[in-house]
Amino acid sequence: MNILICGGAGYIGSHMVKMLAGQGHQVVVFDNLSTGHKEAVAGGVELVMGDLLRPGDLAALFSRHHFDAVMHFSAKSLVGESVMNPALYYANNVIGTINLLDAMRNHGVSRFIFSSSASIFGNPLQERINESHPQAPINPYGKTKLMVEHILRDYHAAYGLRSVSLRYFNAAGADPGGEIGESHQPETHLLPNILYSLLTGQKELKVFGREYNTPDGTCVRDYIHINDLCDAHLLALSFLEKNDGAHGFNLGNGNGFSVLEMIHSAEQVTGRKIAFTSAPPRSGDPATLVADSTLAVRQLVWQPKYTKIDDIIATAWHWHQNQRF
Ligand code: UFG
């Protein structure tokens, strides 16, 4: 297939590009490189520099290429930043996506896979979050993702656009070959920060919040390997061939790990002691976020391969030790 990957130079997008290209698909990456890295785009794949907020960039892209489907990974994705600067989030994540969907409409492209997020659910009301959980985001980032999901339902009803929204829980780990991995500037995510604290010895690891209502008082998250997420995208594409509609699936491992458990697992994997200090909680962090992915397992026939947290951390450690960008 001919597939457009928006945000294909970013963490999740670049892993998707590598997987698709490896399977013989024709892939074009569209990215403004605001947070992505051109070095992360697999060799031989065309990288088109452009911005979703400039409809002219999209018109030029779609008139030069024919696409069978679009996967949309481009987004601002930091909860804290979204609270401080919601305008940035509503513009990039909502207006940018509308521009992309309208370019697709203008060029007759009707298959869309959207990177949504666990944050559309807000504070969990049940132990594991399934698709029926109320959608009540508690920060602008989550609201932008939920708005796009609503837009996708309306675009299906009015224009016949088929879509799957994949609600990631905590994407983690790296390409097992060690060529690409998680590299943000500044880095705010837990696992890379744990590993950086070991590698550089400069940035002290902080544990944000020790008094949450969880077994050890630190936040619990559901870490899912990046390639398992990418597998779900491929399955979602096949699903859209057979199923009309605007669909949503939750993607996680179904097991929660606290911040302290993550530190402990990283100590096991790296064989090193990890020093940390306690810091106040980050605003907008729910205590626990764990997925119930039964629907994706059943309907997409998705089966995560990285079920052990140590294996996920090992792939990240491999990448971080040889990081090139
Ligand atoms: N944490 C630390 N120290 C750090 C970094 C993180 O203690 O240096 C803690 C956080 O407070 C949180 C947990 O580790 O409790 C996980 O934090 P991450 O930043 O790694 O991930 P989040 O759960 O905050 O964010 C993820 C995605 C977001 C998405 C969110 C949904 O990265 O894009 O889940 O709530 F919005």
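The values are calculated or read from the model by the stated rules, or taken from the named source; none is laboratory data. Keep in mind the model is a prediction, meaning the values are calculated, not measured. Virtual Cβ from ideal backbone geometry, glycine too; neighbours counted across all protein chains shown. Calculation scope for accessible area: heavy atoms of the full protein, side chains included, ligands and nucleic acids excluded. Shrake-Rupley method; radii C 1.70, N 1.55, O 1.52, S 1.80 Å.
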Given Cβ point charges of +1 (Lys, Arg) and -1 (Asp, Glu) and nothing else, what value in debye, to the nearest 20, does the dipole of the range 240-315 about its Cα centre take? 140
What is the helix-to-structure angle for 140-159, meaning the angle in degrees between its Cα long axis and the longest Cα principal axis of the chain, kept from 0 to 90 and rounded to the nearest 10? 30
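Quick one: with all protein chains in place, what share of the accessible area of the chain is carbon or sulfur, to the nearest percent (1.4 Å probe)? It would help to have the intermediate numbers written out before the result.
Working: 6950 of 13700 Å².
C and S fraction of accessible area: 51 percent.
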Can you bin the chain into rounded, prolate or oblate? Criterion: square roots of the alpha carbon gyration tensor eigenvalues sorted a ≥ b ≥ c, rounded for a/c under 1.5, prolate for a/b above b/c, oblate for the rest. prolate
Filtered trypsin sites (Lys or Arg not before Pro), the range 260-305: DSSP coil and at most 14 other beta carbons within 10 Å: Arg272, Lys273, Arg282, Lys305
Percent of beta bridges antiparallel (DSSP, the chain, rounded to nearest 5): 5
Quick one: how many Å² of Met49 are accessible to a 1.4 Å probe, rounded to 10? 120
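Grab the DSSP H runs of the chain that are 4 residues or longer, score each as -39,500 (n - 2.57), total them, divide by all residues and round the 222 nm result to the nearest 500 deg cm²/dmol.
-11000 deg cm²/dmol
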In debye to the nearest 20, the charge dipole size for the chain, taken about the Cα centre with +1 at each Lys and Arg Cβ and -1 at each Asp and Glu Cβ, equals 200
With every protein chain kept in the model, how would you rank Tyr196, Tyr168 by accessible area, 1.4 Å probe, largest at the top? Tyr196, Tyr168
Could you work out which residue, out of Val259, Val297, Val94, moves most in a Gaussian network model of the chain, that is, has the largest mean-square fluctuation with Cα springs under 10 Å? Val297
Rounded to the nearest 20 debye, dipole of the range 26-184 from Cβ charges on Lys, Arg, Asp, Glu: 440
Give me the accessible area per residue for the chain, probe 1.4 Å, as a whole number in Å². 42
Tell me, what is the 1.4 Å probe accessible area of Asp154, in Å² to the nearest 10? 100
Per the charge dipole of the chain (beta-carbon charges, Lys/Arg positive, Asp/Glu negative, Cα centre), the residue among Pro286, Thr307, Gly36 reaching farthest to the positive end is Gly36
Calculate how steeply helix 96-106 sits against the longest principal axis of the alpha-carbon atoms of the chain, using the helix alpha-carbon long axis, and give the answer as 0 to 90 degrees to the nearest 10. 30
Highest GNM mean-square fluctuation among Asp216, Asp228, Asp51, for the chain with Cα springs under 10 Å, belongs to Asp216
Considering the chain as a Gaussian network with a 10 Å cut-off on Cα pairs, which listed residue, Gly178, Gly256, Gly271, attains the greatest mean-square fluctuation? Gly271
Contour minus end-to-end for Ile95 and Gln323, with contour as 0.36 nm per residue of separation and end-to-end as the Cα-Cα distance? 78.7 nm
Sorted list, accessible surface of protein heavy atoms, 1.4 Å probe, largest first, for Ile194, Ile95 is Ile95, Ile194
Longer than 32 Å from Cα to Cα, which of Lys143/Lys273; Lys18/Lys308; Lys145/Lys273; Lys38/Lys273 are they? Say none if no pair is. Lys143/Lys273; Lys145/Lys273; Lys38/Lys273
Please work out how much accessible surface Arg153 shows to a 1.4 Å probe, ignoring ligands, DNA and RNA, in Å² rounded to 10. 100
Plugging the Cβ-Cβ distance of Lys38 and Glu187 into 1/(1 + (r/R0)^6) at R0 = 30 Å yields, to the nearest 0.05, a FRET efficiency of 0.95
